[in-house]
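Following: one structure in structure tokens, then a few remarks.
The values are calculated or read from the model by the stated rules, or taken from the named source; none is laboratory data. In this text the structure is predicted, and so the values were computed from the model without any measurement. Reconstructed Cβ throughout: ideal geometry from the backbone, glycine too, with neighbour counts over all protein chains shown. In case anyone asks, the SASA skips ligands and DNA or RNA and just uses the protein heavy atoms, side chains included. Shrake-Rupley method; radii C 1.70, N 1.55, O 1.52, S 1.80 Å.
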Amino acid sequence: MPTRKPVALTPAQARRIWLRAQRLDEDAPFGDGPAATQAAIEHLGYVQIDTINVIERCHHHILFTRIPGYRREHLHRAQSIDKTVFEYLAHALAYIPIGDMRFYAAEMKERWKRVTGGLTSVSPKEFRKVIARVKKHGALSLRDIDDGERVEKDHAWASRKPAERALRLAFYGGALTVSQRIGILKTYELTNRHFGWDKPPKSAPEKETLSHLLDRALRSQGLVSLDSICHLDAPRKPGIRRAVEARMRRCELVQVAFDGMAKHEHWARPETLAQDLAPLEDRVHILSPFDPLIIQRKRLATFFGYNHVFEAYLPKPKRKFGYFALPVLIGDRIVAVVDLKTDRAQQKLLVQQWTWIEKGSQRARKKLIEEALHRFEQFQLAR
């Protein structure tokens, strides 16, 4: 393959392209109403789920960041009524577009083989018992299980009830799906019955899955690297590299370079580089630490020169930014970090700590951030 000189970008251009791909440069890029939630998840590829609720849980926070009129019931509708999204593992547990189910089916089958082959901590008999119960009586939540038997935990977050473990492992094996989520309480239903299928979608071939992962990253990241495409999925890097090289031979991708990118190769579609992107306005986003822009820490540092540390699991004396610190994006720069907590009893959003990251005029920026915090507080406390 002939070598071509990488297209040179400035760090500001690189950030601008990534922010465009993340749809953080518009006020309401996905429109409004329930359809906006489905459109956002389809564009991003997945929205991470986390149970920490010091402030609003991250899946709602991520969607609110891109949909100013977002309401929690919109995600409930997508999952439980319209059934346009499902829960499964992306790099972590996430909401994923239902059209992408076939790209996860092979992993589900492999996990189910372990279940039925007795290679898990729960016996095949226990799985058959749980599946039969759901099949006969309908969707089941963990609160519906009254099982006095206990087993030793194999890690801190494991359940000591075999029936609870069976539910979760049947979910990872694809036999059950989460049909509803209220807070952290999940309800499990037979996958085929929930979606109205006679048979689940056929597994996509690995080559097609690799192409899907590459396309998903190009759509939501703009500029991609092996690390960003295969976040926490290193075994797929050789296959992704082959897919990238094939597209470069067809001139569908070009290599790019910018200051601070270290040794990592980055690629983009030619049409991405040809976009006429207007200068960014001083739009403010209070970002979740699990936001797609923040979660890949090395990429964040490469593009923004900012190293985010999630300090919730650190002892208090070792925290620099606070227990649940959120980066604040103004335009194309992360200028501050605020540690927030929602006092639901007093109906207030509390700023525990405010740390400036960038030097410069703080008075004007502080006013912009306070206005954004006020909007965020209204969302936090909305019923």
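Looking at Thr342, Pro235, Pro292, which one has the Cα that reaches farthest to the positive end of the dipole of the chain (charges on Cβ: Lys, Arg +1; Asp, Glu -1)?
Farthest along the dipole direction, towards plus: Pro235.
Can you spot the aspartates and glutamates whose alpha carbon is less than 14 Å from Lys298's alpha carbon? Ignore those fewer than 8 places along the same chain.
Asp227, Glu265
At 1.4 Å probe radius, can you tell me the per residue accessible area of the range 226-383 in Å²?
Working: 8610 Å² over 158 residues.
Ligands and nucleic acids excluded, the result is 54 Å² per residue.
Please give the Cα centre distance for the range 203-266 versus the range 23-69, rounded to the nearest Å.
The range 203-266 and the range 23-69 have Cα centres spaced 24 Å from each other.
With +1 on each Lys and Arg Cβ and -1 on each Asp and Glu Cβ, how big is the dipole of the chain about its Cα centre, in debye rounded to the nearest 20?
So the magnitude is around 860 debye.
Once the Cβ-Cβ distance between Thr116 and Ala274 is put in as r, and R0 is 51 Å, what FRET efficiency do you end up with, to the nearest 0.05?
Numbers: r = 51 Å, r/R0 = 1.00.
About 0.50, to the nearest 0.05.
For Thr272, Thr116, write out the residues from largest to smallest accessible area, computed with a 1.4 angstrom probe and no ligands counted.
These residues rank, largest area first, as Thr116, Thr272.
Could you pull out every one of the aspartates and glutamates with an alpha carbon less than 17 Å from that of Lys359, ignoring same-chain neighbours closer than 8 positions?
Within the straight-line limit of under 17 Å, Lys359 reaches these aspartates and glutamates: Asp282, Asp332.
Enumerate the residues in the range 273-302 having an amide nitrogen under 17 Å from the point lying 7 Å beyond the Cα of Ser361 toward its Cβ.
280-284
Just to confirm a number: summing +1 for Lys and Arg and -1 for Asp and Glu over residues other than Leu314 whose beta-carbon lies under 13 angstrom from that of Leu314, what do you get? Numbers along the way, then the final one.
On the way: positive: Lys316, Lys318, Arg319, Lys320; negative: Glu311, Asp339.
Charge balance in the 13 Å sphere: +2.
What number, rounded to the nearest 500 deg cm²/dmol, is the helix-based mean residue ellipticity at 222 nm of the chain, given -39500 (n - 2.57) per DSSP H run of at least four residues and division by all its residues?
-11000 deg cm²/dmol
At 1.4 Å probe size, put Arg236, Arg383 in order of accessible surface, largest to smallest.
On the way: Arg236 65, Arg383 235 Å².
If we order Arg236, Arg383 from most to least accessible, we get Arg383, Arg236.
How about the range 1-107: which trypsin sites (Lys or Arg not before Pro) there lie in a loop by DSSP and see at most 10 other Cβ atoms within 10 Å?
Counting only loop positions with at most 10 other Cβ atoms within 10 Å, the trypsin sites (Lys or Arg not before Pro) in the range 1-107 are Arg4.
What does the net charge come to around Cys58 if you take all other residues with beta carbon closer than 9 Å to its beta carbon, with K and R at +1 and D and E at -1? Kindly include the intermediate steps, with their values, before the conclusion.
Values: positive: Arg57; negative: Asp50, Glu56, Asp291.
Spelling it out: positives minus negatives among the neighbours equals -2.
List the lysines whose alpha-carbon lies under 18 Å from that of Lys341, not counting same-chain residues fewer than 8 positions away?
Leaving aside lysines fewer than 8 places away in the same chain, those within reach of Lys341 are Lys316, Lys320.
Per residue, what volume in Å³ does the Cα convex hull of the chain take up?
Considering the Cα atoms of the chain, their hull volume per residue is 167 Å³.
What distance in nm separates the simple spin-label points at Asn192 and Arg242, each placed 7 Å from Cα in the Cβ direction?
3.3 nm
Might you report the magnitude of the Cβ-based charge dipole of the range 271-383 about its Cα centre, with Lys and Arg at +1 and Asp and Glu at -1, to the nearest 20 debye?
Once rounded to the nearest 20, the dipole reads 620 debye.
First select every other residue whose beta carbon is under 13 angstrom from the beta carbon of Leu210; then total the charges, Lys and Arg +1, Asp and Glu -1.
Combined, the nearby Lys, Arg, Asp and Glu give +2.
Round to the nearest 10 and report in Å² the accessible area of Trp267, as given by a 1.4 Å probe over the protein chains' heavy atoms.
10 Å²
Quick one: check the C-alpha center-to-center distance for the range 106-120 versus the range 338-358, whole angstrom.
44 Å
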